[in-house]
Structures are given as structure tokens and as C-alpha cells.
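J.: Quick one: this structure, given as C-alpha cells, is what I'll be asking you about.
The values are calculated or read from the model by the stated rules, or taken from the named source; none is laboratory data. Since the model is a prediction, treat every value here as computed from it, not as a measurement. All Cβ positions, even for glycine, are placed from backbone atoms using ideal geometry, and neighbour counts span all protein chains on display.
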């Protein structure tokens, strides 16, 4: 008789969307980065609501978390996936990412109600050094390579 294997709790799957938001060009290029309530520097992202497609969710989350609106989409950047523990078990989250540009005068504003402690525009070098997660740094590098060239 084979001993019973302990039953693993079901893996919860979640979907989110987020974005890399850039402003300016050349030496004036800046990227929006935020500090979450976990005290980590991240790119804005959040859950996809019923009736939204991932790009709509990314726009909404960026507006809610750091107040940026009127964004121009430069298209998808791909997706990331990560796992973490919840009280009810393990969770795997897929995040669809998009690249946006913000209008010249746009000012990011942290919204504590959405668990954002701080945010701002940073040079690409500053943003890469601030970002807490390697997958966010990889996304930022990919986004920077897809920005239109200076003419």
C-alpha cells in the first residue's frame, strides 16, 4: 500500500496589467516609477476588472496609482509571471505590460489610497537602479529599446 501524498492546495491564478510610462526624448527622457506600500520601487500595475482588456486595465491602474492620464500607447511589451503566498495558498500572477508615453506636462502623483507611497519621473539610469524587481528592470530595458528614435 502506498502512503497517501499530502494534498496540495489549489494554485490560484490571477491576471493583472501594468505599464512603463515614458516622457520626453534624448537627455530629457524620464520614466515613471513608484514606491509601493511594501517599500519597493515598482512599475504601476494592478488587477484586470470585468469588462476590461489588459491595456484598458493598465491605463486605469496607472491613472489610479500615479495619476497619469492622456497616455499614448506604443503597444504591448509582453508579460511576466510570478508566484507568491496568500493566506489561502499559493498564487501565480500573470501581468500583461504595455508601453505608454505621457504628455509633456504630466506630473505623477502618489495615491496612498492605492498603496502608493511615492512616485516620480526618473532618468532611465535612475529608474533602473531604483526598481526592486529584476523583471521590472528587464521590462524597462525592453521598453527603452522600443521608444521611437530621436529625429
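J.: If only one of 80, 101 is touching a residue at least 60 places away in the same chain (Cβ under 8 Å) and within 25 Å of residue 145 (Cβ to Cβ), which one is it? Before the answer, list the steps.
T.: Details: 80 fails: touching a residue at least 60 places away in the same chain (Cβ under 8 Å).
Answer to the selection: 101.
J.: Within the range 39-59, is there a residue that is out of contact with any helix residue (DSSP H, G or I) (no Cβ under 8 Å at 6 or more places or on another chain), surrounded by 13 or more Cβ atoms within 10 Å (Cβ to Cβ), in contact (Cβ under 8 Å) with a residue 60 or more places away in the chain and not in a helix (DSSP H, G or I)?
T.: Here is the first cut: in the range 39-59, the ones out of contact with any helix residue (DSSP H, G or I) (no Cβ under 8 Å at 6 or more places or on another chain) are 39-40, 50-51, 53-59.
Checking the rest, the ones that are also surrounded by 13 or more Cβ atoms within 10 Å (Cβ to Cβ) come to 40, 54-59.
Subset that is in contact (Cβ under 8 Å) with a residue 60 or more places away in the chain: 40.
Then drop every residue that is not not in a helix (DSSP H, G or I), which leaves 40.
Yes.
J.: Return yes or no: is residue 75 surrounded by fewer than 16 Cβ atoms within 10 Å (Cβ to Cβ), part of a strand (DSSP E or B), more than 12 Å from the chain's Cα centre (by Cα) and touching a residue at least 24 places away in the same chain (Cβ under 8 Å)?
T.: On the way: surrounded by fewer than 16 Cβ atoms within 10 Å (Cβ to Cβ): yes; part of a strand (DSSP E or B): yes; more than 12 Å from the chain's Cα centre (by Cα): yes; touching a residue at least 24 places away in the same chain (Cβ under 8 Å): yes.
Yes: the conditions hold for residue 75.
J.: A further question on this structure: Can you name every residue in the range 92-118 that is over 13 Å from the mean Cα position of the chain (by Cα), within 16 Å of residue 31 (Cα to Cα) and outside any loop (DSSP other than H, G, I, E, B)? Let's see the steps before the verdict.
T.: In the first step, residues of the range 92-118 are kept if they are over 13 Å from the mean Cα position of the chain (by Cα); the result is 92, 101-115, 117-118.
Add one more test, that the residue is within 16 Å of residue 31 (Cα to Cα), and what stays is 101-110, 118.
101, 118 - these are the residues of the range 92-118 that are over 13 Å from the mean Cα position of the chain (by Cα), within 16 Å of residue 31 (Cα to Cα) and outside any loop (DSSP other than H, G, I, E, B).
J.: Answer yes or no as to whether residue 68 is surrounded by 11 or more Cβ atoms within 10 Å (Cβ to Cβ), at pLDDT 95 or above, in a loop (DSSP other than H, G, I, E, B) and in contact with a helix residue (DSSP H, G or I) (Cβ under 9 Å, 6 or more places away or on another chain).
T.: Here the answer is yes, as residue 68 does meet what is asked.
J.: Separate question: Residue 80 versus (1) out of contact with any helix residue (DSSP H, G or I) (no Cβ under 6 Å at 6 or more places or on another chain); (2) at pLDDT below 95: which is the lone unmet condition?
T.: Only one criterion in (1) out of contact with any helix residue (DSSP H, G or I) (no Cβ under 6 Å at 6 or more places or on another chain); (2) at pLDDT below 95 is unmet by residue 80, namely (1).
J.: Confirm whether residue 89 is out of contact with any helix residue (DSSP H, G or I) (no Cβ under 7 Å at 6 or more places or on another chain), more than 11 Å from residue 19 (Cα to Cα) and at pLDDT 95 or above.
T.: no
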